[in-house]
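See below for the structure under consideration.
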Amino acid sequence: MTGLEGLRVVELGEGVSAAWATKWLADLGADVIKVEGPDGDALRRRGPFAGKPDPERAGFFHYLNANKRGVVLDLTTVEGRRELDALVSTSDALIHNLPARRVDAWELHWERLRALRPSLVLCSITPFGLTGPRRGWRGEELTVAHAGGWGGLSPGASTESDRPPLKAFGHQADLQGGTTAAAAALAAIHRARRTGAGEHVDLSVQAVVASILEAALVYYTYPGVVATRLGRRGLNPWGIYECSDGRIFLCTVEDDQWQRLVEFMGRPEWAELPVFANFPERFRNADALDIFVQEWIAPWKVRDLFHEGQKRRICFAPVHEISELREQEHLRERGFLAELPIGERRELVPGAPYRLADPWWELRRPAPRLGEHQSEIQTELGKPTSPTPATSPTPAKREDAVAELPLEGIRVADFSWVWAGPYCALQLAHLGADVIKIESQGRPDLGRRLGVFPPDVEPGLNRSGYFNQWNQGKRSFGLDLSQPEAIDLAKRLVAECDVVVENFATGVMDRIGLGWEVLREINPRLVMASISGYGQSGPWRDYMAYGPATPPLAGLSALTGYVEGPPREVGIAIGDPAAGITAAAGICAALIAREQTGRGQHIDVSLWEATSVLTGEGWLTHALTGEAPPRMGNRDPWMAPHGCYRCEGEDAWVSIACAGEVQWQALCAVIDPALGRDERFASRAGRKGHEDELDAAISAWTVARDRWQVTEALQAVGVAAFPSVTTEDLCRDPQLAAREFFARLEHPEVGVREHAGIPWRLSEAGNGVRMPAPLLGADTDAVLRDLLGCSEIEIARLRESQVVC
């Protein structure tokens with residue numbers, strides 16, 4: 001039996017975000033029915049193709065839509081909408097990315113749909129959400145990445161202020177939005193199957209992007225620093241360096257790693273100079289440091305330096321080209337690569353984003369041909385796959401009734417620290433789980449020690465904005481895991497939990513006696529997620545990695561860069577939140593499966609693989625055409641214009657994307673009607689062929705105007721546009737404010753500070769972060785007393801012996 005067998009999900013819309021969200025469910029066994037209009041999903045025409053364009057053999061479409069069944073419905077007609085209603089009334093969930101105007105026109109509002117099926121989970125994925133003053137604004141991948149603040153941070157540590165902010169390759173905002181939607185929808189399905197209560201998850205991709213900006217947001221809301229792509233990094237050396245046969249990434253996050261690097265380099269005289277003595281000095285002298293490091297790296301071969309550096313626990317990572325990844329022995333040994341059928345071809349692509357102890361993930365069927373399953377699905381209408389449980393009827397909704405949160409009643413033991421693991425557990429807390437963070441006074445979470453402190457507050461372990469961002473809604477259990485008695489207490493806690501999250505170095509949990517094989521014996525229904533750089537298996541399992549190293553490893557950096565420029569970093573450490581939300585989605589799926597099988601699950605998440613699945617379009621382009629996509633800056637293989645244009649003011653930019661002819665003509669009407677009559681720009685192909693001239697014409701118009709003036713003028717006629725915003729802009733954003741995105745809770749030691757909150761809103765359950773991040777050990781006594789049954793005398797003894805704090 002597969003994990004989500006028996007679950008029926010309807011997917012509606014086109015493009016990336018909804019298809020990616022439902023791919024998570026389809027690959028685990030759910031019956032996903034993809035509804036397309038008569039012309040089919042636009043991705044069928046985008047490609048890439050092997051030779052002549054064929055909408056039935058579009059590579060990226062196949063990557064996103066394998067394992068699904070397909071029907072065609074014309075929702076502009078009453079009959080088409082009736083057929084959709086019949087389909088929805090037999091399904092567990094409807095996931096769509098329709099713009100607000102179509103939701104309104106096709107009457108796909110929650111109140112009407114829940115009447116068709118009270119246990120339905122509706123998940124809408126839109127650029128800005130379905131509520132708020134900008135619900136109707138148009139958004140494309142480029143503009144939403146800038147609206148959420150990512151664009152303005154990329155590429156990191158740039159010295160090229162004359163170049164625009166740089167979009168990461170592909171559809172990274174939509175992919176993160178899709179994974180987040182999958183996690184939230186799965187959690188809501190878990191509740192619906194238990195209680196019969198449906199839910200509407202209204203997700204904003206802008207808010208998802210604003211949720212993953214690493215420390216950028218709290219650098220503004222705590223010390224008041226506005227992060228930017230320009231300038232130097234705080235930690236050095238850090239960056240992409242040239243080897244004799246390619247490029248390699250290096251970062252040193254803690255001082256002991258710098259010392260190991262100096263030893264590896266043979267303690268050169270320059271490394272002993274006072275100007276490189278500590279982090280502040282290396283920051284002030286980063287340019288000189290880079291020259292010396294580059295000189296030392298230049299003779300090395302990438303593979304040799306990578307392995308020799310990793311032997312010394314230094315974070316080196318190759319800057320892989322897409323063409324190299326299918327040959328990587330570590331990915332092959334872990335079974336990461338999968339064969340994707342496209343017509344008569346079978347192409348190697350990124351497979352599951354995690355390894356599962358009970359392997360449910362499988363590519364069972366190719367993506368559907370347009371309308372392929374029309375007749376068989378029509379015969380199934382009226383046959384529910386998982387009806388509302390008879391023992392849990394849905395009560396009549398009262399005006400003051402608030403449903404429980406999707407994961408209410410689920411308890412999580414959170415052994416994680418820094419970002420990837422805490423980000424996973426944060427999502428579970430947002431969904432209602434009781435998350436108990438296990439942490440030590442002797443070796444506190446690095447996030448507690450990072451220097452993101454308010455200027456009017458003395459530094460302290462409870463006062464870092466970094467920790468307080470990623471640990472909202474959790475409780476803190478102070479436990480010294482170096483002591484045997486603490487391990488026994490941890491085991492007793494796990495026996496009372498549904499989920500364990502950990503992201504220690506590979507093998508640490510096994511060595512201290514808390515590995516999967518031990519914990520599953522204690523609690524056979526346990527769902528455990530282990531997050532690490534390279535995974536729990538494979539020849540490189542012991543190698544170290546940080547989030548910034550994974551875009552180079554995964555080929556994302558090689559695909560990202562200005563036209564004819566070198567590979568670039570992508571501005572944020574995307575590997576951490578990508579792995580974290582991957583683990584959260586896997587956990588929510590495993591909780592559903594547990595109700596059918598009675599068994600738990602171990603989810604092995606690697607930052608490398610969780611980032612690699614985000615480059616599927618690059619993999620398919622190389623596989624089908626023989627060449628990797630070129631670095632295109634902010635341009636798009638299909639759309640034009642599609643770029644980031646300078647506006648009036650210092651480092652002020654606006655992103656603009658025209659998805660088709662209607663938007664192009666609307667843009668011309670605003671900028672200059674003569675553009676629309678210019679023969680060079682009369683077709684999409686012509687605009688792509690004369691993109692330099694087109695961008696110059698648009699820039700000449702934007703440069704004399706305010707970025708918001710440009711945005712509002714273009715949005716008024718239905719053209720996707722948005723400024724490249726800063727974190728300061730985000731905190732003043734009226735759309736995020738209207739959706740109550742920011743959490744402003746009273747913290748005992750730093751007072752009220754703004755934190756990124758929850759990127760979705762629920763229609764039935766409550767919204768908003770429930771608690772600020774905990775003080776270290778704030779809930780130790782409560783956990784010992786209420787969960788583990790310890791007496792006050794025993795608690796006092798444990799504190800005296802410093803087993804707990």
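For region 389-444, give me each residue that is more than 16 Å from Ala589 (Cα to Cα), of a type in the set (A, V, I, L, M, F, W, C), modelled with pLDDT of 95 or more and part of a strand (DSSP E or B).
Ala413, Val435, Ile436, Ile438
Within region 657-672, does at least one residue satisfy the condition of being open to solvent by 40 Å² or more (accessible area, probe 1.4 Å), free of Cβ contacts under 8 Å to residues at least 12 places away in the same chain and of a type outside the set (Phe, Trp, Tyr)?
There is at least one residue in region 657-672 that is open to solvent by 40 Å² or more (accessible area, probe 1.4 Å), free of Cβ contacts under 8 Å to residues at least 12 places away in the same chain and of a type outside the set (Phe, Trp, Tyr).
Which condition number in (1) closer than 29 Å to Gly565 by Cα; (2) open to solvent by 10 Å² or more (accessible area, probe 1.4 Å); (3) aliphatic (A, V, I, L, M) is the one that Leu213 fails?
Going through (1) closer than 29 Å to Gly565 by Cα; (2) open to solvent by 10 Å² or more (accessible area, probe 1.4 Å); (3) aliphatic (A, V, I, L, M) one by one, Leu213 breaks only (2).
Mind listing whichever residues of region 149-179 are among the hydroxyl-bearing types (Ser, Thr, Tyr), open to solvent by less than 10 Å² (accessible area, probe 1.4 Å) and over 26 Å from Ala585 (Cα atoms)?
Ser154, Ser158
Could you check, for region 707-724, whether at least one of its residues is of a type in the set (A, V, I, L, M, F, W, C) and closer than 22 Å to Phe467 by Cβ?
no
Only one residue in Tyr534, Tyr562 is open to solvent by less than 10 Å² (accessible area, probe 1.4 Å), at pLDDT 95 or above and of a type in the set (Phe, Trp, Tyr). Which one?
So the residue among Tyr534, Tyr562 that is open to solvent by less than 10 Å² (accessible area, probe 1.4 Å), at pLDDT 95 or above and of a type in the set (Phe, Trp, Tyr) is Tyr534.
Going through region 555-588 one residue at a time, which ones are part of a helix (DSSP H, G or I), among the small types (Gly, Ala, Ser), within 19 Å of Ala545 (Cα to Cα) and under 11 Å from the mean Cα position of the chain (by Cα)?
If the condition is that a residue be part of a helix (DSSP H, G or I), among the small types (Gly, Ala, Ser), within 19 Å of Ala545 (Cα to Cα) and under 11 Å from the mean Cα position of the chain (by Cα), then Gly575, Ala578, Ala579, Gly580, Ala583 are the ones that fit.
Here is a yes/no grid of residues against (1) of a type in the set (D, E, K, R); (2) assigned to a strand (DSSP E or B); (3) farther than 21 Å from Val703 by Cβ:
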site: Trp608; (1), (2), (3): no, no, yes
site: Thr621; (1), (2), (3): no, no, yes
site: Ala640; (1), (2), (3): no, no, no
site: Val662; (1), (2), (3): no, no, yes
site: Gly676; (1), (2), (3): no, no, no
site: Lys688; (1), (2), (3): yes, no, yes
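Which residue pairs have Cβ atoms closer than 6 Å, lie 6 or more positions apart in sequence or on different chains, and pair a first residue in region 760-783 that is within 18 Å of Leu122 (Cβ to Cβ) with a second residue that is modelled with pLDDT under 95 and hydrophobic (A, V, I, L, M, F, W, C)?
Within 6 Å, the pairs are Glu764/Ala403; Ala765/Ala403; Gly766/Val402.
Looking at (1) open to solvent by 40 Å² or more (accessible area, probe 1.4 Å); (2) in contact with a Ser or Thr (Cβ under 9 Å, 6 or more places away or on another chain); (3) part of a strand (DSSP E or B), which is the only condition Arg364 fails?
(3)
For region 259-274, which residues satisfy the criterion of being open to solvent by 40 Å² or more (accessible area, probe 1.4 Å), free of Cβ contacts under 8 Å to residues at least 40 places away in the same chain and under 21 Å from Glu308 (Cα atoms)?
Scanning region 259-274 gives Gln259, Gly266, Arg267.
Yes or no: Val527 within 23 Å of Ile410 (Cβ to Cβ) and touching a Lys or Arg at 6+ places or on another chain (Cβ under 7 Å)?
Yes.
Here are Leu120, Leu116: which of them is farther than 14 Å from Ser17 by Cβ and open to solvent by 20 Å² or more (accessible area, probe 1.4 Å)?
Leu116
Between Glu728, Glu749, Glu712, Glu693, which is open to solvent by 20 Å² or more (accessible area, probe 1.4 Å), in a helix (DSSP H, G or I) and touching a residue at least 40 places away in the same chain (Cβ under 8 Å)?
Among Glu728, Glu749, Glu712, Glu693, only Glu728 is open to solvent by 20 Å² or more (accessible area, probe 1.4 Å), in a helix (DSSP H, G or I) and touching a residue at least 40 places away in the same chain (Cβ under 8 Å).
Please state which one of Arg46, Arg57, Arg81 is charged (D, E, K, R) and modelled with pLDDT under 95.
Only one candidate passes the filter, namely Arg46.
I'd like the full set of residues that are under 23 Å from Gly196 (Cα atoms), of a type outside the set (Lys, Arg) and not in a loop (DSSP other than H, G, I, E, B), limited to region 589-606.
Ala589, Ala590, Leu591, Ile592, Ala593, Glu595, Gln596, Thr597, listed by residue number.
Does Asp304 satisfy the criteria of being at pLDDT below 95, open to solvent by 70 Å² or more (accessible area, probe 1.4 Å) and within 32 Å of the chain's Cα centre (by Cα)?
no
For region 191-247, give me each residue that is farther than 30 Å from Glu141 by Cβ and among the hydrophobic types (A, V, I, L, M, F, W, C).
If the condition is that a residue be farther than 30 Å from Glu141 by Cβ and among the hydrophobic types (A, V, I, L, M, F, W, C), then Ala192, Ala197, Cys243 are the ones that fit.
How many residues does region 592-614 hold that are polar (S, T, N, Q) and open to solvent by 10 Å² or more (accessible area, probe 1.4 Å)?
Total meeting the criteria: 2.
Test each condition in (1) touching a residue at least 40 places away in the same chain (Cβ under 8 Å); (2) under 24 Å from Ser124 (Cβ atoms) for Ala737 and report the one that comes out false.
Exception for Ala737: condition (1).
Looking at (1) in contact (Cβ under 8 Å) with a residue 60 or more places away in the chain; (2) buried (at least 23 other Cβ atoms within 10 Å of the Cβ); (3) in contact with a Lys or Arg (Cβ under 9 Å, 6 or more places away or on another chain), which is the only condition Thr2 fails?
(2) is the only condition that Thr2 fails.
Does region 132-155 contain any residue that is under 20 Å from Gly198 (Cα atoms) and among the polar types (S, T, N, Q)?
no
Here is a list of conditions, (1) modelled with pLDDT of 95 or more; (2) open to solvent by 10 Å² or more (accessible area, probe 1.4 Å); (3) closer than 22 Å to Ala105 by Cβ, and Glu14 meets all of them except one; can you say which number that is?
(1)
For a quick check of your reading of the model, give me the residue pairs whose first member lies in region 565-589 and is within 18 Å of Gly239 (Cβ to Cβ), whose second is among the β-branched types (Val, Ile, Thr) and surrounded by fewer than 24 Cβ atoms within 10 Å (Cβ to Cβ), with beta-carbon atoms closer than 7 Å and at least 6 apart or on different chains.
Correct list of pairs: Pro567/Ile240; Glu569/Ile240.
Go through the residues of region 124-138 one by one and say whether even a single one is modelled with pLDDT of 95 or more, among the charged types (D, E, K, R) and either open to solvent by 40 Å² or more (accessible area, probe 1.4 Å) or on the phi > 0 side of the Ramachandran plot (or both).
Within region 124-138, one or more residues are modelled with pLDDT of 95 or more, among the charged types (D, E, K, R) and either open to solvent by 40 Å² or more (accessible area, probe 1.4 Å) or on the phi > 0 side of the Ramachandran plot (or both).
For region 181-201, what are the residues that are open to solvent by less than 10 Å² (accessible area, probe 1.4 Å) and either on the phi > 0 side of the Ramachandran plot or under 21 Å from the mean Cα position of the chain (by Cα) (or both)?
Ala181, Ala182, Ala183, Ala184, Ala185, Leu186, Ala187, Ala188, Ile189, Gly196, Val201
I need every pair where a residue in region 404-433 that is surrounded by fewer than 24 Cβ atoms within 10 Å (Cβ to Cβ) has its Cβ under 9 Å from the Cβ of a residue that is assigned to a helix (DSSP H, G or I) and aromatic (Phe, Trp, Tyr), sequence separation at least 6 or different chains.
Pairs found: Val418/Tyr466; Val418/Trp470.
Quick one: how many residues across region 777-804 are open to solvent by 30 Å² or more (accessible area, probe 1.4 Å), assigned to a loop (DSSP other than H, G, I, E, B) and touching a strand residue (DSSP E or B) at 6+ places or on another chain (Cβ under 9 Å)?
The total comes to 2.
The values are calculated or read from the model by the stated rules, or taken from the named source; none is laboratory data. Not measured: the values here are computed from a predicted model. Every residue, glycine among them, receives a Cβ derived from its backbone with ideal geometry; neighbour counts consider all protein chains shown. Calculation scope for accessible area: heavy atoms of the full protein, side chains included, ligands and nucleic acids excluded. Shrake-Rupley method; radii C 1.70, N 1.55, O 1.52, S 1.80 Å.
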